[in-house]
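What follows is calculated from the coordinates using simple rules that are stated; it is not laboratory data. None of the values given here were measured: they were computed from a predicted structure. Glycine also receives a Cβ, built like all others from the backbone with ideal geometry; neighbour counts cover every protein chain displayed.
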C-alpha cells in the first residue's frame with residue numbers, strides 16, 4: 001500500500017478459474033498487475049525471464065505466486081520444488097491454490113516449502129473472500145522480499 | 001505390460017518330491033541292512049567254523065599224542081613186561097580209536113542225530129570240556145559237508161580206525177602168545193599195521209591243518225569281498241540318492257524362483273494398478289471439482305453483476321457455466337467409457353484394418369470436412385485379431401487427436417499405416433501437426449493429462465487408447481521430433497497377423 005507496483009504471478013491452467021481469480025483480484029484492487037500463465041513450464045520461464053518473458057519491465061518479478069498443482073507440461077509441485085530449491089527464488093511467497101484437497105498433495109507441498117496451501121472454495125462468496133484475504137495478507141500485510 | 005492373472009494361477013508349482021526320496025531311502029536302508037546281515041551271518045559262520053576247526057586241530061593234537069603214547073606204552077610193556085604199561089596202552093589206544101571213530105562218522109551226522117553208541121563214546125572218551133568241544137564239532141560240521149578235504153579227512157579217520165582195531169587185535173595176540181617165534185611174526189605184522197595206522201593218522205593230521213587253512217582263507221576272502229561289495233553298494237546308493245535330492249532341490253528351487261519371479265511381477269503389477277487407481281480417484285475428484293468451481297463461481301458473479309446492473313459480461317459468463325456443465329458431462333461419459341475397457345471385453349475377432357479404418361473415417365467425416373482434411377490409409381493393411389469395437393475407438397481417438405493438433409498447416413497430412421520392425425507389425429497414425437516435445441512423450445498418455453489446457457477434449461482419449469492397447473497385449477507410444485515436427489502415434493497388437 002505504499003505505492004510500489006505489486007505483481008502477482010497466477011499459474012492456472014483452467015481459463016475459467018483464472019478469470020474468476022483475476023476478476024476478484026481486480027475487484028479488490030489488491031495488486032497492480034496480475035500476470036497469468038497456463039502451465040508449469042511457462043511459470044518457470046517467467047520467473048527466470050526466459051524466452052518470451054525476458055522483458056522484466058513487462059514481466060517483473062512477482063511479489064506473490066498463486067500456483068495450481070495439476071498443470072500441463074510441468075506439474076505445480078515440480079515448479080514449487082524448483083523455486084524453493086533455488087536460493088535466489090526461495091524468498092518468493094508461493095501460495096498453492098488448488099482444487100485438490102488430497103492429503104498427499106498438501107503433504108508434498110509443505111515438504112517442498114510452500115508458504116501456504118489453500119483449496120479453492122466451491123461457493124462463490126467464500127471464493128471471493130478467500131482471494132480478498134489472500135491478497136491483503138500477502139501483498140499488504142506481508143513484508144515482501146523485494 | 002501384458003499380464004494375465006490366470007496365467008499366473010495356472011503355473012503349477014512342482015513340490016519337492018518327498019515320496020520318491022523316502023522310497024529311495026527305504027530301499028537304501030533295506031539294502032544296507034541286507035548287506036550288514038550278510039556280513040554278520042558270514043562273520044558268525046566264520047567264527048563258528050573257525051571255532052570248530054580249532055577244536056578239530058586241538059583234537060587232532062590230542063589224538064596224535066595218544067597214538068604215539070599208546071605205541072610207546074606197548075613197546076615198553078613188550079620189552080619190560082610191565083602190566084602198568086599194558087594198561088596205559090589200552091587206555092591210550094582207546095582214546096585214539098574214539099577220535100578216529102568220531103571223525104570217521106562225522107559225515108553220517110548229516111543223516112541223523114548221533115546214535116547211542118556214538119554218544120556213549122563221546123561221553124566216555126572225552127572229558128567234559130572235550131565232550132562239549134566234540135558236540136560243537138558234530139553240530140557245526142554240517143556246514144562243511146561239501147568240503148573235499150573234510151571228506152578225505154573222514155576217509156582217513158575211517159581207515160585209521162580200522163588199522164587201530166587191527167593193531168589192538170594184534171597187540172592182544174602178542175600178549176596171549178608165549179611162543180617167541182610166533183610172537184615175533186605177529187610183532188612184524190603189528191609193525192606193518194602200525195606203519196599203515198601212522199600213515200593214515202599223518203594224512204588225517206595233514207588234512208586237518210589243510211582244512212583249517214582253507215576255511216580260514218575262505219572266511220577271510222568272503223568277509224573281505226562282502227565288505228567291499230557292501231561298502232561299494234552303499235556308496236553307490238548314497239550317491240544316487242544324493243543326486244536325486246540335489247536334482248529335485250535344484251528343480252524345486254528353480255520352481256520357487258519362477259514362482260517368486262511371477263509373484264514379484266504380480267506384486268509390481270498390483271502396485272502399478274494401485275497407483276493407477278489412486279491417480280484415477282485423485283484426478284477424477286480434481287477434474288470433476290474444477291467445473292463445479294467454475295459453475296458456482298460464475299453463477300455467483302452473475303448474481304452480483306445482476307444486482308449491480310452490469311450486463312456486459314453476462315453472456316460470456318453464461319457460456320462459461322454452460323461449457324463447464326458440458327465439460328462435466330463429457331468427463332463423466334469418458335470416464336464411464338474408460339472404466340468399461342478393463343471390464344467389458346468383447347470376443348476377439350479377425351478384423352480387416354482397412355475396413356475398420358474406413359468405418360472410423362466415415363464417422364469422422366464431419367470434423368474432417370470442417371477442417372478440409374483427408375486421411376491417407378495405406379492399402380493392404382493386415383488382419384488383426386482384436387476386439388473390433390475397442391480397436392475402432394483406438395483409431396478414432398488417434399485420428400481425432402491428429403485432427404485436433406494439426407495446427408495451422410498449409411498442407412496438412414494425416415496418414416494411417418503400418419510398418420514391420422523385428423517381425424512385429426507396428427500400426428501408426430502420422431500427422432504433420434504441432435508435434436510433441438520429447439519430455440512429454442510419456443505424460444500425454446496419463447489420465448486427464450493435456451499439454452494445452454484450452455485444447456479440445458477431456459484428456460481421456462490417449463489414456464483410453466493406452467488402456468485398450470494394453471488389454472490387447474500391445475504397446476503404444478509416440479514418435480515426434482519436437483514441436484512443429486508432427487507426431488506419429490504407434491501401437492502394436494499381440495494378435496496382429498499377416
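Data for the structure
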read-out	value
Top of A:135, A:76, A:51 by mean-square fluctuation, Gaussian network on chain A, Cα under 10 Å	A:51
Folded to 0 to 90 degrees: helix B:461-471 orientation relative to chain B principal axis, Cα	20
Shielding by partners - mean other protein chain Cβ count within 10 Å, residues of B:296-305	5
Contour excess over end-to-end distance, with Cα ends at residue B:312 and residue B:439 and 0.36 nm allotted per residue	41.5 nm
Gain in span if fully extended, residue B:389 to residue B:216, counting 0.36 nm per residue against the direct Cα distance	52.7 nm
Ellipsoid semi-axes in whole angstrom, largest first, where each is sqrt(5λ) of the Cα gyration tensor of chain A	20, 19, 15
Helical contribution to [θ] at 222 nm, DSSP H n ≥ 4, -39,500 (n - 2.57), averaged over chain B, rounded to 500	-25000 deg cm²/dmol
Rounded to 10°, Cα long-axis angle of helix B:83-104 versus longest principal axis of chain B	30
Percent of beta bridges antiparallel (DSSP, the protein assembly as shown, rounded to nearest 5)	55
Full-extension gain in nm, residue B:370 to residue B:224, via 0.36 nm per residue minus C-alpha separation	42.1 nm
Which of A:112, A:48 has the fewest Cβ neighbours within 10 Å, and the rest in rising order	A:48, A:112
Gyration tensor (alpha-carbon) shape descriptor, the range A:1-73, a/c threshold 1.5	oblate
Separation between Cα centres of the range B:205-234 and the range A:70-127, rounded to whole Å	98
Relative packing of peptides B:219-226, B:91-98 - highest average C-beta neighbours within 10 Å first	B:91-98, B:219-226
For the range B:440-486: Kirkwood Rh in Å [reciprocal of mean 1/r, alpha carbons]	11.6
Shielding by other protein chains, A:8-21, mean Cβ within 10 Å	4
Peptide-level mean, for A:64-74, of C-beta atoms on other protein chains within 10 Å	3
Tilt relative to chain B, helix B:180-308 - C-alpha long axis, 0 to 90 degrees, to 10	10
